[in-house]
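Student: Structure incoming, see below.
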Amino acid sequence: MSEPLLQLTYISDIPSSLTASDIAAIHQQANRNNQQLGLTGLLLHTGRHFMQLLEGPAPLVRSRFAIIAADPRHQQVRLISERSIASRQFPNWHMGLKRLLDQDEDADLTAVINLYGQQQHFSPQHAEAIALLFQAV
């Protein structure tokens, strides 16, 4: 029997000193690390925030989240949700990346992420809304 799967979602602030090439490097490193660990997920970013959904075996997801939370390229890391799942939402993405632009197709999504970026704590209702947001991407 395989290990139980965990899906974890967090949001963090992007330091103003972080460049587009720094974000590309974060994505490349996450993709490489997650492939080795058997983790999958999606990383969204606006100019102000990262929002990531990470999924895989529970101990590995929690360990990876602890590393992310200690990374200075992520500021004020806030856990949105952590839940057991029966199957992965992003089974083929070791780490998908989507940059959200303030243009028509991404304006609503960017606004929602920036709104949640101001939150310090998240209710179960917030977590459900954010889960729906990831399903729509």
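Student: For the structure I just gave you, tell me whether SER2 is small (Gly, Ala, Ser), modelled with pLDDT of 90 or more and out of contact with any Asp or Glu (no Cβ under 8 Å at 6 or more places or on another chain).
Tutor: Details: small (Gly, Ala, Ser): yes; modelled with pLDDT of 90 or more: no; out of contact with any Asp or Glu (no Cβ under 8 Å at 6 or more places or on another chain): yes.
Here the answer is no, as SER2 does not meet what is asked.
Student: I would also like to ask the following. Could you please find all residues in the range 3-48 being assigned to a loop (DSSP other than H, G, I, E, B) and free of Cβ contacts under 8 Å to residues at least 24 places away in the same chain? Before the answer, list the steps.
Tutor: Initial filter on the range 3-48 (assigned to a loop (DSSP other than H, G, I, E, B)): 3-4, 14-19, 38-39, 46-48.
Scanning the range 3-48 gives SER16, SER17, THR19, GLY38.
Student: State all residues of the range 61-79 that are closer than 22 Å to GLY38 by Cα and touching a residue at least 60 places away in the same chain (Cβ under 8 Å); if no residue qualifies, say none. Even if it seems obvious, please write down each step before you answer.
Tutor: Here is the first cut: in the range 61-79, the residues closer than 22 Å to GLY38 by Cα are 61-71, 79.
Across the range 61-79, the qualifying residue is only LEU79.
Student: A further question on this structure: Residue check, PHE65 against (1) over 21 Å from ILE14 (Cβ atoms); (2) in a helix (DSSP H, G or I), all met but one. Which one?
Tutor: (1)
Student: Restricting the search to the range 69-89, which residues are among the charged types (D, E, K, R) and touching a strand residue (DSSP E or B) at 6+ places or on another chain (Cβ under 7 Å)?
Tutor: Within the range 69-89, the subset among the charged types (D, E, K, R) is 71, 73, 78, 82-83, 88.
Selection gives ARG78, GLU82, ARG83, ARG88.
The values are calculated or read from the model by the stated rules, or taken from the named source; none is laboratory data. Computed from a prediction, not measured in an experiment: that's the story for all the values here. Counting neighbours? That spans all protein chains shown, and the Cβs are built from the backbone with ideal geometry, glycine included.
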